[in-house]
1. Being within 17 Å of the chain's Cα centre (by Cα), open to solvent by less than 20 Å² (accessible area, probe 1.4 Å) and hydrophobic (A, V, I, L, M, F, W, C) is the filter here, so list the residues in the range 250-285 that pass it.
2. Determine which member of the set ILE288, ILE298 is modelled with pLDDT of 95 or more, under 23 Å from the mean Cα position of the chain (by Cα) and among the β-branched types (Val, Ile, Thr).
3. Is there any pair with a first residue in the range 177-192 that is surrounded by fewer than 16 Cβ atoms within 10 Å (Cβ to Cβ) and a second that is not in a loop (DSSP other than H, G, I, E, B) whose Cβ atoms are under 6 Å apart and which are 6 or more apart or on different chains, and what are they?
4. Filter the range 1-18 down to the residues that are open to solvent by 70 Å² or more (accessible area, probe 1.4 Å) and within 17 Å of ARG71 (Cβ to Cβ) and list them by number.
5. What about GLY140, is it in contact with a strand residue (DSSP E or B) (Cβ under 8 Å, 6 or more places away or on another chain) and either at pLDDT below 90 or open to solvent by 50 Å² or more (accessible area, probe 1.4 Å) (or both)?
6. Mind checking which residues of the range 330-355 are among the charged types (D, E, K, R) and touching a residue at least 60 places away in the same chain (Cβ under 8 Å)?
7. Give the residues of the range 399-443 that are touching a residue at least 40 places away in the same chain (Cβ under 8 Å) and among the acidic types (Asp, Glu), sorted by residue number.
8. For the range 26-35, name all the residues that are among the β-branched types (Val, Ile, Thr), at pLDDT below 85 and surrounded by 20 or more Cβ atoms within 10 Å (Cβ to Cβ).
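The values are calculated or read from the model by the stated rules, or taken from the named source; none is laboratory data. Note that the coordinates shown come from a computational prediction; the quantities given were computed from them, not determined experimentally. Every residue, glycine among them, receives a Cβ derived from its backbone with ideal geometry; neighbour counts consider all protein chains shown. Accessible surface is based on the protein model in full, side chains and every heavy atom, while ligands, DNA and RNA are left aside. Shrake-Rupley method; radii C 1.70, N 1.55, O 1.52, S 1.80 Å.
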Amino acid sequence: MAEPSKVIHIRNVGHEISESELLQVVQPFGTVAKLVMLRAKNQALVQMEDLASAVNVIQYYNTIQPSVRGRNVYLQYSSHQELTTDQSSHGRNPDQEEPNRILLVTIHHMLYPITIEVLHQVFSPYGFVEKIVTFQKSAGFQTLIQYQSRQSAIQAYGALHGRNIYDGCCQLDIQYSNLSELQVHYNNDRSRDFTNPSLPTEQRSRSSQPSYNDPSSLFGFQQPGDPYAQMSKAAMIAAAFGGTLPPGVSGINDRCTLLVSNLNTDKIDEDKLFNLFSMYGNIVRIKILKNKPDHALIQMADGLQAELAVLYLKGAMLFGKKLEVNYSKYPTVTADPDARDYSTSHLNRFNSNVVKNYRHCCAPTKMIHISALPQDITEDTIHSLVGEHGTIANSRLFETNGKTQALVLFESVEEATEALVEKHASKLDRTNIRISFSQMQNI
């Protein structure tokens, strides 16, 4: 293995992968000084600002496989200690670009919604902002900012390029646009002409732009107007995932309903699906389809939780079947007699301890963690409770903050999954026990 270096070598970088998408893999760990795309070799070289950031990148991705656009990419230290080339998107020299009063801004690692109002508050201190247009491209969320003067744009570029709107996320990647004038026809949530406030408001179609779920609602926060007042909240959200969202999770998905198929119709029911999918978020409703009993619709509380469920449960084994988990074409599960409603259930895990629950999200493992146990419970009782679902390789009772808990290691992931699905929320001494997957490797 190469010696640690600030320079990271990334392999299997397909031609469809953009620089900004690749940057999102490493930016959560620190500032990127340079990026060189080696298109002919499907490779890239990334130089972090310091060695510690590079070490954090490599250590993290030694445990989790990163992927971009469904394609696995592989990271290792480069034999280079420094990149001397200037062919870097983050090493751009603004003096070599033709300054313009219109800025093209790409927002990386967007964990928090960015509105026209937020953009105006960020950019207006540097001069009169005439127009703002926002749009979604393959590179991510982008916006065009038109100033009244070129000097204002130059000042904004110098002050804001590479900075975060919120602490730890929403990084501004700015370049000069080659447009001479922005055409704005409507004043709405996608575009604004501050020189013509009388423009009409267009009726926005749902599909015109993704809606960004407000993560602050997950923590019971009210959103104030000043974006800088929200920094600590954004940092808390990022901290729940160890500083960054899991690879493959955008955080801006607005599809909440999942279609789960290839279910074992002899053993599955709504409560068992609830026990499994509630690991990744609160459940609103579940409906097993009458005409396709091996299919079910599951409505999660928000799009982020739905993304986590797809990431961690797609391909999981349950009752001898490999689960297919995809987004449904239906935005919600309609309340009807065939749908089970869980929206007010006290068993939804994310009603409290939200940060802790996100931190414990993972794919199914061989080990389960059992809590909310009676104080005088024995290992024999634990074995009697979950032993019917598979071979127990090891187990341990322990106490944390005066509360008895248990770890149970099964021979296989499928056995542990069945134990969770069957026994989570079951009653012991009039208390609903809680079962989660543990990320520990051994007892």
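1. LEU258, PHE277, MET279
2. Only one candidate qualifies: ILE298.
3. Listed pairs, sorted by first residue: LEU179/ILE102.
4. The answer is ARG11, HIS15, GLU16.
5. Details: in contact with a strand residue (DSSP E or B) (Cβ under 8 Å, 6 or more places away or on another chain): yes; either at pLDDT below 90 or open to solvent by 50 Å² or more (accessible area, probe 1.4 Å) (or both): yes.
So GLY140 fits the description; yes.
6. The answer is ARG340, ARG349.
7. Once the filter is applied, which keeps residues that are touching a residue at least 40 places away in the same chain (Cβ under 8 Å) and among the acidic types (Asp, Glu), the range 399-443 yields GLU411, GLU414, GLU415, GLU418, GLU422, ASP429.
8. In the first step, residues of the range 26-35 are kept if they are among the β-branched types (Val, Ile, Thr); the result is 26, 31-32.
Narrowing the set further to residues that are at pLDDT below 85 leaves 31-32.
Scanning the range 26-35 gives a single hit, VAL32.
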